[in-house]
Structures are given as C-alpha cells and as structure tokens.
Amino acid sequence: MKYVLLFVETEEFADEMAALGASERERAHARVNEWFASHADKLRGGSRLKSPDTATTVRLDRGDPVIVDGPFVEGKEVVSGYLEIEVADLDEALRVVKTWPGCPVVEIRPIEFEAM
Amino acid sequence: MNDVVAAELACAVREHAGRLAASLVRVTGDFATAEDLVQDAVLSALRHWPTEGIPEHPDAWLFTVARRRGLDSLRRDANYRAKLAQLEWPVQPEPDERLRLIFTCCHPALPREAQIALTLRVVCGMTTAQIGRAFLVPETTMAQRITRAKRKIAEAGIPYRIPADDELSARLTEVLAVIYLLFNEGYLGTAEQVHSRDLVDDAEWLASLLYTLMPTEPEAAGLLALIRLHRARAAARFDEDGRFVLLPQQDRSLWDSAAIADATRILTRAAKQRQPGPYQLQAAIIACHAEAESWEHTDWEQIVLLYDMLLHLAPSPVTRLNRTIALRYLSGAHAAMTELDTLAGELDRFHLYHATRADLLRELGRFEEARASDGRALELTANPAEQELLQRRIANTP
C-alpha cells in the first residue's frame with residue numbers, strides 16, 4: 001500500500017533546532033540522513049517545503065478565486081514536508097515512522113489514487 | 001424472553017460468532033464483509049432461537065445462515081461468491097484466529113470507543129443495538145462508529161494479524177486496556193443492568209479467551225485474575241435493598257472462596273515469571289483483601305508495598321488516592337491526610353477524592369468539614385448507588 005507521510009513541525013521544535021550548535025546540528029542531520037538511507041527501499045519521493053510564511057492559499061468556493069497570504073490553517077503546527085512510501089500495511093508504515101528522528105509529528109495518510 | 005434463556009443465548013452467540021467471523025475473514029480476506037455476514041447471522045439467531053430453541057450445533061447454524069446471506073447479497077462479486085460457495089462446515093479452525101481478530105479490533109490507529117465497540121461486535125457477537133444500550137449511546141451513533149472503524153481498517157491498511165514480537169507487548173497493552181475498560185463500565189457503570197447482555201460477563205469471557213490464547217503473557221493472567229477476584233465478591237457489594245456496601249462492612253461469608261482461590265492460583269502462576277505489571281499488581285492488592293478473613297486482619301503493610309510498586313510502573317493520581325486509604329490503616333489518619341492533601345489539585349473533580357477526605361475528617365473528629373466533603377462528592381457522582389451511600393453518610397455524621 002502507498003501512504004503519504006506529512007511531516008509537521010511545531011514552534012517548540014523550530015526553537016530547539018535554532019538553538020543547536022554547529023556540531024549538534026550536524027549530528028541531527030546525520031540522523032535524518034541515516035533514516036533516509038535505511039528506508040530507501042520504501043521511499044517513493046517527496047519534498048521538504050519552505051516555511052509557511054512563504055505559502056499562498058487560493059479559495060475557489062467563494063465565487064471568484066480568493067487569494068490569501070499564508071497557509072490554509074493558521075496554527076502552531078505546520079506541514080514542513082511530505083514523503084510517499086510504499087509498504088505492506090499500516091503496521092509497516094508505523095514502524096517506519098516510529099524511528100523518524102526529525103520533526104515531532106507525522107501524519108500517515110493512505111493514498112486513494114495517484115493523480116499522474 | 002426470561003433471563004435464563006437470554007443468558008444462554010448470549011453464551012451460545014459469544015462462543016461461536018467470533019470463531020465464525022475469524023474463519024470467514026481468513027477464507028475471504030475481507031474483514032468488513034465477513035463481519036457484516038456474521039452480524040446478520042447473529043440477528044437471525046436472536047429472532048429464531050428464543051422460540052425454536054438453541055440448535056444442537058449453533059456454530060453450524062450460524063455458518064449456514066452467514067453463508068447463505070453472503071451468496072444472496074454478494075451476487076455482483078463473483079470472486080467473493082466463489083470463495084464462499086466452496087466453504088464447508090466445519091471450517092478448518094486455526095488456534096490463533098480469534099487472536100488476530102482481537103488485535104485488529106484493538107489496533108492503536110482506531111479510537112478507543114471504536115476499539116471497544118468493534119471488539120464487542122466482532123469478537124463477542126454482540127449486536128449494535130445491544131452495544132448501544134450498554135453504553136447509553138443511540139444505536140445509529142454506535143452503527144456509525146462501527147462503520148467508520150471498519151472503513152478505516154480497510155482503507156488505511158490495518159493488517160489482520162498478530163503483531164510481530166517487537167510490537168507485541170505494546171499492542172497487548174492496548175487489548176488489555178479495552179477489556180479492562182469494558183469490565184469497569186459493566187462493574188461500576190451508571191447504565192442500568194437491564195440489558196440482555198452483561199458487559200462484565202463479556203469482559204471476563206474476553207480476558208479468559210486472551211489468557212487461553214496467550215498463556216505465557218503474565219499481564220493477560222493478571223487481568224483475568226483481577227476480574228475474577230472482583231466478581232467473586234460481587235454478592236456482598238449490595239445489601240438486600242440494593243444499597244452499596246463498602247468493603248469494611250461487607251459480609252465476607254458471601255464471597256465465593258473457591259473462585260477467589262482459583263483466581264489467586266492464576267495470579268501466583270503468572271507471578272513466577274517475574275514480570276510484574278499493572279494488572280498483576282492490582283490483582284495482588286485485591287487478593288490481599290480477598291484472602292483476609294476480616295477487615296481487621298487485612299495485611300496493610302503488604303498492600304501499601306504493592307501500591308508503591310504499582311505507582312512505580314504506572315504513576316496515576318487515582319492510584320495514589322487508593323494508596324492513601326491503605327496508608328490510613330497502616331500509619332493512621334494524620335499520615336493519610338498529609339498524603340491526601342498533595343492530591344487536592346489533581347483530583348478536585350473526582351468524587352472519590354472528596355469521599356475519602358470526608359472519611360478521614362470524620363476519624364479526626366472534624367465533622368463539619370466531613371459533611372462538606374461528602375457533599376462535594378455527591379455533586380460529582382452520577383452513580384445512584386454512590387449518591388444514596390453519600391446521602392446516608394451525611395445524615396449520619398454528627
């Protein structure tokens with residue numbers, strides 16, 4: 001089954017990252033790289049996103065399209081990236097996610113069908 | 001339908017519905033459809049058996065109905081029909097089939113309420129209407145909860161299997177929590193006991209099934225012992241007018257000493273594995289009470305020690321409150337009050353905190369404060385038996 005992992009960052013996490021020294025930051029990156037390497041056979045692509053203050057939201061359900069600055073939900077928890085994975089079932093997806101060394105929240109969403 | 005027939009019916013359904021569901025899921029690979037067919041067969045049994053009697057082979061009867069329903073209703077799904085058509089009774093049983101069923105129903109990706117509802121329906125063969133009545137929830141709401149959970153199992157890819165060794169202990173904790181909640185709901189619940197199914201029966205049955213299927217898991221044994229030790233003393237919990245009787249005043253000759261001995265044996269065997277857990281420790285505390293010949297002979301030192309171990313493994317303010325009660329008999333009311341004061345903030349909305357406080361205040365001769373604390377407890381409980389007891393206490397406090 002295919003799932004998309006939505007990575008969610010919190011303000012706390014962002015503050016913690018900002019406070020890290022150069023060598024600590026390097027170690028954190030190394031842990032993330034290691035995670036990517038050890039799950040490479042299940043990863044099908046994805047991206048790290050720029051910060052939510054760069055987002056633009058378009059609402060199409062109010063007559064003419066309305067263009068608004070910012071993400072569609074304003075909150076302390078923001079989506080910071082996504083990955084598509086292919087695994088046997090939800091338990092395997094959970095195993096992959098449980099070892100994620102980065103941001104503190106991950107949503108697992110099954111893919112209904114692929115757009116392209 | 002009288003109570004005896006209703007109880008027999010519930011037993012027959014419970015014994016066979018889950019097995020049938022497990023077999024159908026295995027053969028067809030479709031959890032939701034298999035479960036629907038079994039539910040249909042159960043509803044049909046509840047219509048026919050009260051008048052026609054329980055058939056000699058209830059399992060074959062349920063199987064035949066489920067299979068016929070499946071062949072009728074699934075005309076469009078040739079693949080499913082073909083699998084179903086080949087099925088013969090008895091379906092070759094696999095020993096751990098129902099365990100898979102339980103682990104799927106109690107998957108942590110499902111909300112707790114859905115885990116409970118699904119377990120009752122799929123494993124125990126309860127109808128949606130019965131579950132709704134037991135939890136004071138409208139049948140339509142319960143039906144939605146179950147439908148949503150089954151959809152999530154299918155669409156989110158929740159697997160139908162026993163978890164791998166490295167996840168087993170966390171997943172077992174989830175299953176035990178579901179059974180324990182079910183037991184508590186039935187034992188302490190505010191719902192009236194007029195259903196055709198008793199949740200306490202279902203909880204004990206599930207705990208016993210789990211213990212049979214996972215005999216080397218000490219916490220499964222602990223939960224079964226815990227439930228049986230409670231039930232063994234149930235006859236003394238209410239007086240002939242249906243009023244609550246607290247432990248110190250209970251007539252211990254009404255306790256089922258054979259059942260207590262049985263449960264204690266299960267617990268002792270589990271303890272030999274030296275993997276203490278919250279259910280074993282809670283059961284051990286109750287065993288201390290159950291084995292004491294009178295309130296005065298209770299081994300309070302041992303009970304306080306067990307509470308300390310329990311708090312170490314599973315810290316909780318309610319457990320600290322219970323330890324306070326034991327501490328009162330070991331070290332006196334003053335020591336207990338000092339402990340209790342540390343819980344004031346966390347348990348201010350919990351009626352038993354205030355009831356315990358009232359009891360200590362009475363012993364310390366602070367009657368006015370005792371009445372006020374009992375009054376606060378009265379405001380916070382919706383349980384009629386507890387309300388009655390508190391009112392009596394307030395009236396009898398000088």
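Yes or no, residue by residue, for (1) over 25 Å from B:Leu199 (Cα atoms); (2) at pLDDT below 85; (3) surrounded by 18 or more Cβ atoms within 10 Å (Cβ to Cβ):
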site: B:Cys11; (1), (2), (3): no, no, no
site: B:Phe31; (1), (2), (3): no, no, yes
site: B:Val42; (1), (2), (3): no, no, yes
site: B:Glu52; (1), (2), (3): yes, no, no
site: B:Leu62; (1), (2), (3): no, no, yes
**Q.** Set B:Ser253, B:Ser208: member being free of Cβ contacts under 8 Å to residues at least 12 places away in the same chain and among the hydroxyl-bearing types (Ser, Thr, Tyr)
**A.** B:Ser253
Q: Just give me the residues in region A:91-116 being in a loop (DSSP other than H, G, I, E, B), exposed (fewer than 14 other Cβ atoms within 10 Å of the Cβ) and under 15 Å from the mean Cα position of the chain (by Cα), in sequence order.
A: A:Thr99, A:Pro101, A:Pro104
Q) For region A:64-90, how many residues meet the condition of being surrounded by fewer than 17 Cβ atoms within 10 Å (Cβ to Cβ) and among the hydrophobic types (A, V, I, L, M, F, W, C)? A) 6
**Q.** Filtered residue count, region A:28-50, keeping only those that are outside any strand (DSSP E or B), touching a strand residue (DSSP E or B) at 6+ places or on another chain (Cβ under 8 Å) and small (Gly, Ala, Ser)
**A.** 0
**Q.** Those helices (runs of 4 or more DSSP H) lying entirely in region B:278-347 with at least 1 residues within 24 Å of the chain's Cα centre (by Cα)
**A.** B:278-291, B:300-313, B:317-331
Q: Could you figure out which of (1) of a type outside the set (A, V, I, L, M); (2) out of contact with any helix residue (DSSP H, G or I) (no Cβ under 6 Å at 6 or more places or on another chain); (3) buried (at least 20 other Cβ atoms within 10 Å of the Cβ) isn't true of B:Phe238?
A: (3)
Q) Condition test on B:Arg161, is it in a loop (DSSP other than H, G, I, E, B), within 14 Å of chain A (Cβ to nearest Cβ) and touching a helix residue (DSSP H, G or I) at 6+ places or on another chain (Cβ under 8 Å)? A) yes
Q: Determine whether B:Ile286 is surrounded by 14 or more Cβ atoms within 10 Å (Cβ to Cβ) and either without any contact (Cβ under 8 Å) to a residue 60 or more places away in the chain or over 27 Å from B:Glu217 (Cβ atoms) (or both).
A: no
Q: For B:Arg269, state whether it is over 23 Å from B:Ala344 (Cα atoms), basic (Lys, Arg) and exposed (fewer than 13 other Cβ atoms within 10 Å of the Cβ).
A: no
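Conditions tested, residue by residue: (1) part of a helix (DSSP H, G or I); (2) surrounded by fewer than 22 Cβ atoms within 10 Å (Cβ to Cβ); (3) within 14 Å of chain A (Cβ to nearest Cβ).
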residue	(1), (2), (3)
B:Ile102	yes, no, no
B:Glu113	yes, yes, no
B:Val137	no, yes, no
B:Ala154	yes, yes, yes
**Q.** Count of region A:1-26 residues which are under 20 Å from the mean Cα position of the chain (by Cα) and surrounded by 12 or more Cβ atoms within 10 Å (Cβ to Cβ)
**A.** 15
Q. So which residues in region B:241-261 are surrounded by fewer than 19 Cβ atoms within 10 Å (Cβ to Cβ) and under 28 Å from B:His312 (Cα atoms)?
A. B:Leu246, B:Leu247, B:Pro248, B:Ala261
Q) Residues B:Arg121, B:Arg98, B:Arg133: which one is crowded, with 20+ Cβ neighbours inside 10 Å, in a helix (DSSP H, G or I), touching a Ser or Thr at 6+ places or on another chain (Cβ under 8 Å) and more than 14 Å from chain A (Cβ to nearest Cβ)? A) B:Arg121
Q) Out of curiosity, is B:Val178 in contact with a Ser or Thr (Cβ under 7 Å, 6 or more places away or on another chain) and part of a helix (DSSP H, G or I)? A) yes
Q: Identify, by number, the condition in (1) surrounded by 14 or more Cβ atoms within 10 Å (Cβ to Cβ); (2) modelled with pLDDT under 95; (3) of a type outside the set (Phe, Trp, Tyr) that B:Ser316 doesn't meet.
A: (1)
Q.
Could you tell me how many of the residues in region A:62-116 are aliphatic (A, V, I, L, M) and within 14 Å of chain B (Cβ to nearest Cβ)?
A. 11
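The values are calculated or read from the model by the stated rules, or taken from the named source; none is laboratory data. In this text, all values refer to a predicted model and were calculated from it rather than measured experimentally. Virtual Cβ from ideal backbone geometry, glycine too; neighbours counted across all protein chains shown.
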